[in-house]
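Encoded as structure tokens, the structure appears first; notes follow it.
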Amino acid sequence: MPKPWGVVAKCELDVRPGGMFSIDTAATEGGEALPNLGCFLEVVPMARLSWTSMLFPGYRPAVFDDIPITAIVTLETVGAGTRYVFTALHRDAADFEKNKASGWQQGTEIALDQFVAHVMSMK
């Protein structure tokens, strides 16, 4: 989670096709928890992970007020490094613009920068 956002109440991951992700986040310690619930679609270890908020666990249709998204992460070994590609799919351009205006894209980029810094600190 990009700062100041963080996991506050719970984080449950059942990383398998049809499995659940459930992550409650808040902008500040003690702030209102915002639930993020969805379903993993594809899990290929060290290669590909996809999930969506448009389905609940077990591929059940989701009911939500938020902007739905489907995400695909691919990893590929390139030389001594790894190529990471994050693809976000929205229903339409209007949903993309709403998500962009919410700071979602910037937050995703910040989270990736934090992840890279963490990995580099482990070397």
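The values are calculated or read from the model by the stated rules, or taken from the named source; none is laboratory data. Source: prediction; values computed, not measured. Cβ: placed from backbone, ideal geometry, glycine included. Neighbour counts: every protein chain shown.
Each residue in segment 63-118 was checked for being in contact with an Asp or Glu (Cβ under 9 Å, 6 or more places away or on another chain) and farther than 18 Å from Gly38 by Cβ, and 4 of them qualify. Scanning segment 54-87 for residues that are under 15 Å from Glu42 (Cβ atoms) and assigned to a strand (DSSP E or B) turns up Leu55, Thr70, Ala71, Ile72, Val73, Thr74, Leu75, Val85, Phe86, Thr87.
Tyr59 meets all of the listed conditions (1) within 25 Å of His118 (Cβ to Cβ); (2) hydroxyl-bearing (Ser, Thr, Tyr); (3) modelled with pLDDT of 85 or more but one, namely (1). Applying a threshold of 9 Å to beta carbon distances and a minimum spacing of six or more residues, or different chains, the list of pairs starting in segment 70-94 at a residue that is without any contact (Cβ under 8 Å) to a residue 60 or more places away in the chain and of a type in the set (Ser, Thr, Tyr) and ending at one that is surrounded by 14 or more Cβ atoms within 10 Å (Cβ to Cβ) and outside any strand (DSSP E or B) reads Thr70/Ser53; Thr70/Met54; Thr70/His90.
Contact map, segment 108-123: residues that are within 20 Å of Thr87 (Cβ to Cβ) paired with residues that are surrounded by fewer than 11 Cβ atoms within 10 Å (Cβ to Cβ) and not polar (S, T, N, Q), Cβ distance under 8 Å, separation 6+ or inter-chain. Pairs shown: Ile110/Lys3; Gln114/Lys3. Kindly check whether there is at least one residue in segment 100-121 that is assigned to a strand (DSSP E or B) and of a type outside the set (Gly, Ala, Ser). No, segment 100-121 contains no residue that is assigned to a strand (DSSP E or B) and of a type outside the set (Gly, Ala, Ser). Residues that are among the β-branched types (Val, Ile, Thr), under 26 Å from Met120 (Cα atoms), at pLDDT 90 or above and touching a Pro at 6+ places or on another chain (Cβ under 7 Å): does segment 15-23 have at least one? No, the conditions are met nowhere in segment 15-23. So is Ala62 small (Gly, Ala, Ser), loosely packed, with under 15 Cβ neighbours inside 10 Å and either more than 24 Å from Glu12 (Cα to Cα) or more than 14 Å from the chain's Cα centre (by Cα) (or both) or not? No: the conditions fail for Ala62.
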